[in-house]
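Derivation of every value follows stated rules applied to the coordinates shown; laboratory data play no part. Because the structure is predicted, anything quoted here is derived from the model rather than measured. We place every Cβ from the backbone using ideal geometry, glycine too, and count neighbours over all the protein chains shown.
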Amino acid sequence: MANGRLFDQRIVGSAEQALDFIGNILESSTEYSVIGKDLDGKILLWNEGARRLYGYEPEEVVGKANSSILHTPEDLAAGKPQELLDAALKDGKWEGTIRRLRKNGDRFTARVVITPRRDASGAAVGFLLISKDISDEIRLTEE
C-alpha cells in the first residue's frame, strides 16, 4: 500500500489534518463497526458504528475492555476467537459470519472482516475488525 494512494495528498497537509480526516471517516461510518485491538485483544479503537452495533460507549471499552466481550460464551468456550485471529494472520485476512453479543445481552449475526495490523517491520501488532449486522438480511432470506 506504500505506492497505492488511497486519497489525494491535498486533503491532508499535516499529520494533524490526516488524523482529523481519519477521525471524520470513523465517526461517519455508522453502518459498519470498526474496532482496532492489540494482540491481547484490548480494544484500542471504537467507532460510532461499533457504539451503535454493540451498545458500549467508547469510554467503556477503549483501552479497558477485551474484545472477548463481543463473542458469545459458546464461541469463547470453543476457542473460536483465537481460531479467527490465527486464520487472519496466516492468510492476511479472515472473512465470514459469526454470532456476536451486544452489551444488553442480545445476540446477532454479523459479517466480519479481520485483518492484521502490522508495524513498519511487518510484525503483527494487532487486528482491525470491520463488521455489519446482517440479521435482517438473513431473516428476509428465510421468509
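Going through the stretch 77-107 one residue at a time, which ones are within 19 Å of Gly126 (Cβ to Cβ), more than 14 Å from the chain's Cα centre (by Cα) and of a type in the set (A, V, I, L, M, F, W, C)?
Across the stretch 77-107, the qualifying residues are Ala87, Leu89.
Within the stretch 112-142, how many residues turn out to be aliphatic (A, V, I, L, M), more than 19 Å from Tyr32 (Cβ to Cβ) and either surrounded by 13 or more Cβ atoms within 10 Å (Cβ to Cβ) or in contact with a strand residue (DSSP E or B) (Cβ under 6 Å, 6 or more places away or on another chain) (or both)?
Residues in the stretch 112-142 being aliphatic (A, V, I, L, M), more than 19 Å from Tyr32 (Cβ to Cβ) and either surrounded by 13 or more Cβ atoms within 10 Å (Cβ to Cβ) or in contact with a strand residue (DSSP E or B) (Cβ under 6 Å, 6 or more places away or on another chain) (or both): 2 in total.
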